[in-house]
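Here is the structure we will look at, set down as structure tokens.
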Amino acid sequence: MLVSAKEMLTKAKAGKYAVGQFNINNLEWTKSILQTAQELQSPVILGVSEGAGKYMCGYKTIVGMVKGMMEELNITVPVALHLDHGSFEGAKACINAGFSSIMFDGSHYPIEENIAKTTELVNACNILGLSLEAEVGSIGGEEDGVIGAGECADPEECKAVADLGVTMLAAGIGNIHGKYPDNWAGLSFETLDAIQEKTGDMPLVLHGGTGIPADMIKKAISLGVAKINVNTECQLAFQEATRKYIEAGKDLEGKGFDPRKLLAPGAEAIKATVKEKMELFGSVGKA
């Protein structure tokens, strides 16, 4: 069954490791991530952007697919199904559809409006036993049309949102969605340290996990990060494996490609990527 992310993240912060959130975009991605988590006995968070939700025929379809797959694959590790960078309306839709975890990204609103909307969702999630992620300070890059410049969050604003009773907090510390540019200044650990000082035991979230050097990842975990999001790296691995398969010209025989065989190399590439990240984050064997 799907679970709230609260217990897994509380354990992660106390144990100085991080749980990986890996975004899903179709059946193959979901299957690969779940199988790898089970093999490594790692808790896992399946992230769903609003764009991916539309592509996969809606949130109820995704809930049914994930629950059915967990049963058929005998998945026993903790799995949270999480809305990633959700709007206020999207958050409510995912609550109604049966997601076990929600992110409301109110970072583009004035802080007063972010607090007001987050408060309403805190109340709903508490009643239903769901975990809730909030964001302060936009993450750089673009995801589903949401564009951020990679700003650093105000620690006082982070405390104000954390005090609302959210489960976890995503705070901008110079991180970026997608590939990092050559002139990227790196993560602001001074900001991260100040945020942790203000928010105490609350698990912190690092978005844009692709391309951040391993030593920065480990330092971020030591400063309170308990959840790290990975999407672009899986996309790139899937793309490259699929490209190589097509260029090899397999399965043509005048019929075209068998779609199941065409997607298999990409699925295996995702498994390898997820395994590498789970090992880096220290979540292996923590289920």
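Taken together, the values in this text are just the output of simple stated rules run on the coordinates, not laboratory data. Quick caveat, the model's predicted, so the values are computed rather than measured. As a convention, Cβ positions derive from the backbone with ideal geometry for all residues, glycine included, and neighbour counts pool all protein chains shown.
In the chain, the DSSP beta bridges split such that about 10 percent are antiparallel, to the nearest 5.
Neighbour counts of C-beta atoms inside 10 Å place Trp184, Trp29 in the sequence Trp184, Trp29, starting with the fewest.
The mean sequence separation of alpha-carbon pairs under 8 Å and at least six residues apart, normalised by the residue count of the chain, gives a relative contact order of 22 percent. Here the contact order of the stretch 92-240, divided by its residue count and restricted to Cα pairs under 8 Å and six or more residues apart, works out to 18 percent. Applying 0.36 nm per residue to the separation of Glu279 and Lys219 and subtracting their alpha-carbon distance, the gain on full extension is 20.1 nm. Any of Lys11/Lys54; Lys13/Lys271; Lys60/Lys277; Lys31/Lys277; Lys60/Lys92; Lys179/Lys277 with alpha carbons more than 22 Å apart? Name them for me. Violating the 22 Å limit, Cα to Cα: Lys11/Lys54; Lys13/Lys271; Lys60/Lys277.
The simple spin-label model puts a point 7 Å past each Cα toward its Cβ; for Thr61 and Leu262 those points are separated by 1.8 nm.
Sorting 66-73, 116-123, 94-101 by their mean Cβ neighbour count within 10 Å, with the most densely packed peptide first, gives 94-101, 116-123, 66-73. What the Cβ-Cβ distance of Arg243 and Glu72 gives, at R0 = 22 Å and to the nearest 0.05, is a FRET efficiency of 0.15. Among the listed options (1) 1.37; (2) 1.06; (3) 0.97, the one matching Cα Rg over 2.2 N^0.38 Å as calculated from these coordinates is (3).
Simple rule: put +1 on each Lys or Arg Cβ and -1 on each Asp or Glu Cβ in the stretch 6-281, find the dipole, and look at Ala37, Ile115, Tyr17; the Cα lying farthest toward the positive end is Ala37.
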